[in-house]
Each structure stands twice: as structure tokens, then as C-alpha cells.
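Below is one structure, written out as C-alpha cells, with a few remarks after it.
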């Protein structure tokens, strides 16, 4: 009888485990040894496959819900699958192109940059998407960018000295010419630089609004001042979209899971607190799905250390400006998700956010 080298035996076991997890993710049905023999193309006997499955079960990677049935992955099995995702299928080039086109289109239509990023993540992943930006309460303004998205829509980008970025778009009843918007941005930056967020709001109200006659600019400045005042007292901005996609998937999620998840997400501070810890403390080496080396973190089921998440997984990545972490994006879904694709989606969107926000941060104002 031929005896495999230990390395070859490990590789074969790993391939069978990956095949089982991938098949279960796509079908939702326990995987039997007969199915692997017929469709797995491993060119080994059914007895050998049964032995490998037994070893994987004993090692905690798989478990058998019913004695005579197939096997399904444990959290440890999902983890092994995710850790090897760099050797699995990457996001197709065409899908990345569609993602970039969709991103550009959403930016043109947005009424809130972060809100629409979470919505786009949800639509592309068919899971829940989230975006969280850091709080800017105690920081000083470095610059304010005013970007014309349409004649009646202006995107305001605030950049603090700590690298924190806040974004919001305002729809106006009156249009503003691009040249007028550029001149206004120069004047605002000359006066507001190095003041706190709440001080900037007060300066706009007391020094700019009383002397302006343009209806569109006055409306914009009032909206900016109110936004700055509210931002100064706001908690971390957390945007989520697509929870209904999880709630409607009763094939995968039990009513108890839904109640537990809804209870957690209603307590916004508890969920955002978990995300803040996730930003500060990565429990394991992050994964990169592409050549950019962008870090993506995955926690599966019980790895989240929150009982309400025992049947859900989080795929997330921080986004950085000038080497400073300013927020996090991610996907929340049932743990039977297509991990390789979710990792690629999060990596791609995070990279595009950095590039776009970096371009805004790098622009210089004219004197």
C-alpha cells in the first residue's frame, strides 16, 4: 500500500476540507463522502475520503449533525477555509470594474457619502453593509473641501489635524456656481483653520451668514453650520444598510438568531463599541485578497465573543488617510457566506475610499 508523505497528506486533507466548506456554502446541505467521490475529482477511493472526513471531524474542522448524514463545517473549519482564501478564487476582473462604476455612480447621487458606501456594500454582497467613521469632537479643523456634485448638491469634506474625516452632502433649493463655491471654500479655510468643530460653527453663523446675499451660499452655510454643531456632540458615525437581507433569509437564520441580532443592533453603542475594539485590537493577522496588500479581518461565529453573533460572521477593513486610521467598513452576514468574494469586496471598497478621500485631502487651496 502506498504511503503518502506527511506534506502530501496534509495538502490532500486541506483540499478536501476546502471543497466541503465551499460546497456547503453554495448549497447549504451537509456534504457526504459519496458526493465528494462523485464530484470532487480527487481520484482517490471512497474509503480514503471517509477516513479523511473522519480525521477532519476528530480535529474539530467538521461535524456530522446526523449519524448517517453528511458533514458541515465548524467555526474552526470556516477559519481554515478563510485563512487559505488567498489561494482560492479572487473577485473577477469584470465584477471589480462593475464595482468601481457603481461606486462612482453612487457618489454622484449621494446624500451622504458614508451612508451610500454602506448601501453599496450591502447591494454587492447581499448581506448587511456597514461603515463607521471616528469622532472629531476634540480635534481641530485642518481644512474643509466643498465639492460640487450637481448644480444643487454640494459635498462637504472636513479634515481634522488628527486625520479624521467627516463627509456630508447637502441638497440646496438654489444652485451655486462652481467658481463661487471655490471662492467660498478658500475664504472658509483661511478663517476656520485650527479652530474646533463647534467654534467653526459659531464663526460661520456670526461672521459669514450676516454679510452674504447669495441665496444658495447662505443656505449652504447655514446647513454646514448646523451640521458642524451636531457633529461636535455626536458619537462615532455608524451607518448600516441591508439588515432586511439577513432577516428575510429564514432558510439560514432561525427566529432566535433574528431576535438576538435585532436586540444587539438596537443597542447601537454596544455594536459600535465592538467595532471600535476591532479597530484597535486585531486578534489575528489580517488577510489581503489583492496585490495592494490591503488588510481585511474576518471573524466567524463564536470568534466574535458576542453570543448574539454565534451564527454570523464579520468581514471588515479599516480605511486610512496619511497612515492614520479614520474609520472602518465591512459586511455582516450569516456565517455560510462566500468568504473569498466578501473579502475581495471589502478590500476593493476600502481601497477606493482611501484613494478618493486621499485625493480630497491632498488638494491645495488657492490664495
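Couple of notes before you dig in:
- Three principal axis extents of the stretch 6-73 based on alpha-carbon atoms, in descending order, are 30, 24, 20 Å.
- One chain, two ends: residue 244 and residue 148. Fully extended at 0.36 nm per residue, the span grows by 31.3 nm beyond their Cα-Cα distance.
- Ascending count of other beta-carbon atoms within 10 Å, so fewest first, for 14, 219: 14, 219
- For the pair residue 12 and residue 262, label points projected 7 Å from Cα toward Cβ lie 5.0 nm apart.
- A simple spin-label model places pseudo-atoms 7 Å from Cα toward Cβ; at residue 202 and residue 187 they are separated by 2.2 nm.
- Where labels lie 7 Å past Cα in the beta-carbon direction, separation of residue 325 and residue 140 in nm: 2.6
- Protection-proxy order for peptides 296-302, 191-197, 313-319, each taking the mean of Cβ atoms within 10 Å per residue, highest first: 313-319, 296-302, 191-197
- The ranking of 117, 325 from fewest to most other beta carbons within 10 Å of each one's beta carbon is 325, 117.
- The stretch 141-231: relative contact order as a whole-number percent, Cα under 8 Å and 6+ apart: 27
- Per-pair calculated FRET efficiency, R0 = 30 Å: residue 26 and residue 68 via Cβ, rounded to 0.05: 0.85
- Contact order normalised by residue count of the stretch 6-73, Cα under 8 Å, 6+ apart, percent: 35
- Length added when fully stretched, residue 213-residue 307, from 0.36 nm per residue minus Cα-Cα: 28.1 nm
Here, each number is a calculation from the coordinates, and none is a lab measurement. Note that the structure is predicted; figures quoted are calculated from it, not measured. Glycine also receives a Cβ, built like all others from the backbone with ideal geometry; neighbour counts cover every protein chain displayed.
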